[in-house]
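To keep things clear, I will list the structure first and then write my remarks on it.
The values are calculated or read from the model by the stated rules, or taken from the named source; none is laboratory data. Keep in mind it's a predicted model, so treat the numbers as computed, not measured. Here the Cβ positions follow ideal geometry from the backbone for every residue, glycine too, while neighbour counts run over all protein chains shown. Side chains are part of the model used for accessible areas, which takes the heavy atoms of the whole protein and leaves out ligands, DNA and RNA. Shrake-Rupley method; radii C 1.70, N 1.55, O 1.52, S 1.80 Å.
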Amino acid sequence: MIFLIAEHKDNKLKPITSELLVFAQRVGRDFSQSITAVVLGANASAVVEELKSKKVDRILTAEHEQLAEYNPDTYVEVLQSIISQEKPFLVLIGHTTQGMDFAPRLSARLRKPLIAGCVEYDKLGDNLVLTRQIFNAKMNMKTGLRGDPPYLATASPGAFPADEVEAGGTAEVVQHPVDLTGAPRRKVVDRVEVPKGKADLSSAPIIVSGGRGLKEKENFNLVFELADAIGGSVGASRPVVDAEWLPREYQVGSSGQTVSPKLYFAIGISGAIQHLVGMQTSRCIVAINKDPEAPIFKVAHYGIADDLFKVVPVLTKIFKDLKQA
Ligand SMILES: Cc1cc2nc3c(=O)[nH]c(=O)nc-3n(C[C@H](O)[C@H](O)[C@H](O)COP(=O)(O)OP(=O)(O)OC[C@H]3O[C@@H](n4cnc5c(N)ncnc54)[C@H](O)[C@@H]3O)c2cc1C
């Protein structure tokens with residue numbers, strides 16, 4: 001039996017859940033395992049209905065008022081009880097902010113290893129081998145599983161195509177009794193949505209994005225100048241936002257905005273899967289990166305393998321000259 005822990009918000013499944021379903025459906029087929037989607041919440045009915053349209057064998061719900069908001073303490077306590085009772089072969093969790101928060105705690109509580117950030121798997125004989133990306137997605141590491149199941153794994157957002165989820169299930173819905181002892185150590189005080197400011201990139205036809213390759217905040221002027229010269233909007237990879245060079249709403253990727261412009265410049269961006277998932281459907285991708293092996297070149301339509309500090313000012317000048325001509 002394969003478990004996937006459904007991630008949801010405001011009574012709707014989050015996209016990562018469909019990706020986990022694809023992962024589970026593929027492994028399930030290869031290892032002849034049934035699939036159970038696990039839903040934790042206060043009132044799971046809307047999420048259960050959504051899951052019923054997918055090809056899963058069972059939907060297991062755990063409902064309690066203390067599960068109305070995500071909380072790692074309650075999640076770990078309830079999941080430990082479910083997993084100990086049900087003894088699944090594999091437990092799949094999203095490598096999301098939420099998943100990264102509770103999966104290691106669950107792994108420690110169950111004393112079972114966790115393979116984090118999986119992007120693929122293989123079947124070697126009867127054994128499951130999980131692939132994760134390391135060194136900023138420059139290398140893949142294959143991890144064999146030993147010992148007794150359950151095995152815990154988180155799946156990187158974007159690694160399994162959500163649109164390939166098989167539909168048409170006849171899932172049985174079962175309820176797991178929840179007995180939570182004591183108050184959780186954390187309490188959600190407020191939820192603040194990210195303001196959709198001037199960097200709403202979702203409808204921008206041209207986006208010029210910069211990454212860590214720009215080295216420091218001041219150098220981001222190069223990106224703004226190029227964007228200005230071609231009438232584009234500015235985007236960024238996550239490290240740029242984490243380093244507070246730009247506000248969060250500029251971030252493109254799995255935990256930022258998903259964009260699909262006509263033209264996307266990736267400047268000093270390596271092309272980690274979490275970035276690609278937010279921009280790879282762009283009509284034309286131009287990558288500028290001094291490392292010819294950078295993964296961004298795999299999705300780029302045009303690539304310039306050179307120093308961005310040389311290339312970008314020249315491009316800006318060309319576009320400015322063209323405007324004036
Ligand atoms: C749960 C989760 C969610 C995430 N969500 C996102 C997300 O939404 N968006 C996102 O972007 N990332 C996200 N990440 C982070 C992601 O895994 C990568 O770490 C990130 O995308 C790397 O950003 P980068 O390409 O700017 O930096 P790096 O990977 O450090 O790449 C910098 C690149 O610049 C190149 N470079 C350096 N100097 C020069 C130069 N002078 N000229 C030309 N090229 C140069 C280098 O060759 C390198 O390829 C997420 C990660 C996790 C775990």
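Counted as membrane-span-like here are DSSP H helices of the chain whose alpha-carbon atoms extend 18 Å or more along the helix's own axis and whose Kyte-Doolittle mean is -0.5 or above; these are 15-31, 72-86, 97-110, 308-324.
Averaged per residue, the range 15-62 has 33 square angstrom of accessible surface, using a 1.4 angstrom probe with ligands and nucleic acids left out.
Once every Cα of the range 91-163 carries one equal point scatterer and solvent is ignored, give the base-10 log of I(q)/I(0) from the Debye formula at q = 0.17, 0.26, 0.28 Å⁻¹, two decimals. One equal scatterer on each Cα of the range 91-163 leads to -0.64, -1.29, -1.36. Per-peptide packing, taken as the mean over residues of other Cβ atoms within 10 Å, places 93-102, 33-42 in the sequence 33-42, 93-102 from highest down. Overall size of the range 200-325 from C-alpha positions, given as principal axis extents largest first: 40, 30, 29 Å.
The apolar share of the surface of the chain, taken as the fraction of accessible area on carbon and sulfur atoms (1.4 Å probe, ligands and nucleic acids excluded), comes to 50 percent. Model label points for Asp126 and Arg185, set 7 angstrom from Cα along the Cα-to-Cβ axis, are 4.0 nm apart.
When peptides 80-92, 277-289 are sorted by average Cβ neighbour count within 10 Å, with the highest value leading, the order is 277-289, 80-92. For the range 75-230, the per residue solvent-accessible surface stands at 57 Å², with DNA, RNA and ligands left out and a 1.4 Å probe.
How much of the pair distance distribution for the range 1-149 lies past 26 Å, counting alpha-carbon pairs only, in percent?
Working: 2327 of 11026 pairs.
Beyond 26 Å sits 21 percent of the P(r) for the range 1-149.
If the segment from Lys317 to Lys290 were pulled out straight at 0.36 nm per residue, it would be longer than the present Cα-Cα gap by 7.7 nm. Start at zero, step by 10 Å, and the Cα-Cα distances of the chain spread as 6, 24, 29, 22, 14, 5, 1, 0 percent across the bins. In this simple spin-label model, placing a label point 7 Å from the Cα along the Cα-to-Cβ direction at both Ala46 and Ala68 gives a separation of 1.4 nm.
Beta bridges assigned by DSSP with both partners in the chain are antiparallel in approximately 25 percent of cases. From helices alone, the chain scores -9000 deg cm²/dmol at 222 nm; the rule is -39500 (n - 2.57) for each run of n ≥ 4 DSSP H residues, then divide by the residue total.
Dipole of the range 8-65 computed with +1 at Lys/Arg Cβ and -1 at Asp/Glu Cβ about the Cα centre; of Leu21, Ala62, Leu40, farthest Cα towards the positive end is Leu21. Charge dipole of the range 90-195 (Cα centre as origin; +1 on each Lys and Arg Cβ, -1 on each Asp and Glu Cβ, all else neutral): 720 debye, rounded to the nearest 20.
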